[in-house]
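Here's the structure, in structure tokens; my notes come after.
The values are calculated or read from the model by the stated rules, or taken from the named source; none is laboratory data. Being a predicted model, the structure only gives us computed values, none of them experimental. Reconstructed Cβ throughout: ideal geometry from the backbone, glycine too, with neighbour counts over all protein chains shown. Calculation scope for accessible area: heavy atoms of the full protein, side chains included, ligands and nucleic acids excluded. Shrake-Rupley method; radii C 1.70, N 1.55, O 1.52, S 1.80 Å.
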Amino acid sequence: MTRPTDTGTNRTGLDTAPVQAREILQTVPEQHSEAVPGEQLEMARIRQSYMQDAEVIGTVPPPASMKGAATTAKEMLKGNKPSVFIDKLGERLAFERSGVRLYDAVLTKFDTVGSWDGGPSREELNHIRDEELAHFKMVTDAMERLGADPTSMTPSADLAAVESAGVMQAITDPRTSLPEALHALLIAERADVDGWSMLIDLAENAGQTGLADDFRKAHQREEEHARKVKNWVAGAISGDMARQLSGEQEQRSPRSS
Ligand SMILES: [Fe+2]
Ligand SMILES: [Fe+2]
């Protein structure tokens, strides 16, 4: 079976067509800092015109319940901007929901292609998936307690969903291996760790010390997720490397004898 790290018929590099490569390089400006004329400049102009006319991604909905309104008003009196907190809670909620879906997709890959020596077990992946779900529920409860609507898509939630779309694409691509899917997942887990860390600071600034304590526990779990996924990815890469090195030695032995 072909492995992604095997040498194959990859023809993407310039070395596969040296004559055409020389022709192409003649059209490239000598200084990389020079503005590239033509299409790329036009692309930048179009992007700029969209940016100038664009509105914000969205806004934060007002608190729905009386209890929420009272809490919000209280926090406003303390000089906090609760809508910032609600926006970021919405972001974490969206991210944790996406996290569950990412692990569901990884589990489908696991069930189809299996793991490797030192790789994750199904139970380990499923355990992390359930923790993502528990975090999603924790943020849902927090938003409800603050009178915010957890079903609303806040601007930062919208942004988080777009950001993680590439990770989902990489995991669900039928051609990616389990280590490659975990490599994509590592992007989400690293961002998750920082997301929780920032949310702890916001909760403390908003005077929500109870929530900050809950978020600290989630942050610890997320650090553990990121560490495990990184170790699986690193283990797979060094395993591939060791296999190739031992393969080279096997080929060399007959020649040197
Ligand atoms: Fe998470
Ligand atoms: Fe996680």
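Things to note:
- Residues in the range 123-182 that are touching a helix residue (DSSP H, G or I) at 6+ places or on another chain (Cβ under 6 Å) and among the small types (Gly, Ala, Ser): Ala142, Gly147, Ala148, Ser156, Ala157, Ala160, Ala161, Ser164, Ala170, Ala181.
- The set of residues in the range 105-121 that are out of contact with any helix residue (DSSP H, G or I) (no Cβ under 6 Å at 6 or more places or on another chain) and open to solvent by 70 Å² or more (accessible area, probe 1.4 Å) comprises Thr108, Asp111, Thr112, Asp117.
- The condition of being within 16 Å of ligand 1 (Cβ to nearest atom), of a type in the set (Phe, Trp, Tyr) and surrounded by 20 or more Cβ atoms within 10 Å (Cβ to Cβ) does not hold for Trp232.
- If only residues of the range 92-104 that are of a type in the set (Gly, Ala, Ser) and under 16 Å from Ala170 (Cα atoms) are counted, the one that is surrounded by the most Cβ atoms within 10 Å (Cβ to Cβ) is Gly99.
- Any chance Leu178 is surrounded by 15 or more Cβ atoms within 10 Å (Cβ to Cβ), within 13 Å of ligand 2 (Cβ to nearest atom) and of a type in the set (A, V, I, L, M, F, W, C): no
- In the condition set (1) at pLDDT below 95; (2) loosely packed, with under 15 Cβ neighbours inside 10 Å, Ala206 is compliant with all but (2).
- Test: residue in the range 146-163 that is under 11 Å from the mean Cα position of the chain (by Cα), buried (at least 22 other Cβ atoms within 10 Å of the Cβ), assigned to a helix (DSSP H, G or I) and not charged (D, E, K, R): yes
- Just one residue in the set Val56, Val106, Val28, Val84 is at pLDDT below 95 and under 26 Å from Lys217 (Cβ atoms); that residue is Val84.
- Checking Leu186 against (1) without any contact (Cβ under 8 Å) to a residue 24 or more places away in the chain; (2) part of a helix (DSSP H, G or I), the condition it does not meet: (1)
- Per the listing Asp240, Asp213, Asp201, the residue uniquely away from ligand 2 (no atom under 15 Å from the Cβ) and more than 21 Å from Leu93 (Cβ to Cβ) is Asp240.
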